[in-house]
Each structure stands twice: as C-alpha cells, then as structure tokens.
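Report on the following structure.
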Amino acid sequence: MRAALGGLLLVLGLFVAYGLAEAQGQRPSVQERASSSPELLALSHDSADGRQQITLVDTRQRVMAVYHVDRSTGALSLRSVRNLQWDLMIEDFNSNNPTPREIRALKEQR
C-alpha cells in the first residue's frame, strides 16, 4: 500500500511539474505525458478550459480517478473516482449495430 501511494504521489508530482513547465511555454513530449507501472496507469490531457487533466487507473483495484490541475497556481483537485469492476462486466452499452451479441450470432451460424 505504501509503495502504491508513493508511486501515486510521484506520478502526480511529475504531471503537475510538466503542467507548470508547459504553462511557461515548454511543451513536454508524449512520452512525458503518459506513465505507467504494473499497477498504475497515468495519462495527462489538456482540457478545453485550459486546465491539465490527469487520469489515473489502478489496474489491480480496477479504479479510475480524474484530477484537474490549475495551470496558473498548480492547485490539484479531484474531479471523479469510479470503480470499473462492474462497468467492465457489461457486454454491450451505448454501442451501434451490429452489437457484440449480433456479431456472435452471425459467427455461430457459420
């Protein structure tokens, strides 16, 4: 648990530092804006309102968190957390035809 928390703090710190560097006109590379470890994925994205958005995914616990970073102050705010376990069990949601079920039925007919 300590290692995961330490990793989380390190990743958040790096993304905040990159966000502040970018605000000063220095553009980080794509490699610098994405990071991962065996249990934690981190993605950084510039939102339409000028903030940096950081998405963290804990692959072991199947939880996702979204943070916003205010570029002028460096303030970090948690925007959303979601346990993905049940989402990932849904076979078909908000998708267009053909649905996975329809594709499977077509394949089974052959």
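What the table below lists for this structure:
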item: Ranked by how many other beta carbons lie within 10 Å on average, peptides 83-94, 65-76 from highest; result: 65-76, 83-94
item: Hz values of 3J(HN,Hα) by residue in the stretch 45-58 - Karplus curve (6.51, -1.76, 1.60), Gly and Pro given as x; result: 8, 7, 7, 5, 8, x, 8, 8, 10, 10, 10, 10, 10, 8
item: Residue among G74, Q53, N96 farthest towards the positive dipole end of the stretch 48-108, charges placed on Cβ; result: G74
item: Contour excess over end-to-end distance, with Cα ends at Q109 and N83 and 0.36 nm allotted per residue; result: 5.7 nm
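Since every read-out is calculated from the coordinates, none of them should be taken as a lab result. Remember, it's a predicted structure, so these values are computed and weren't measured experimentally. Glycine also receives a Cβ, built like all others from the backbone with ideal geometry; neighbour counts cover every protein chain displayed.
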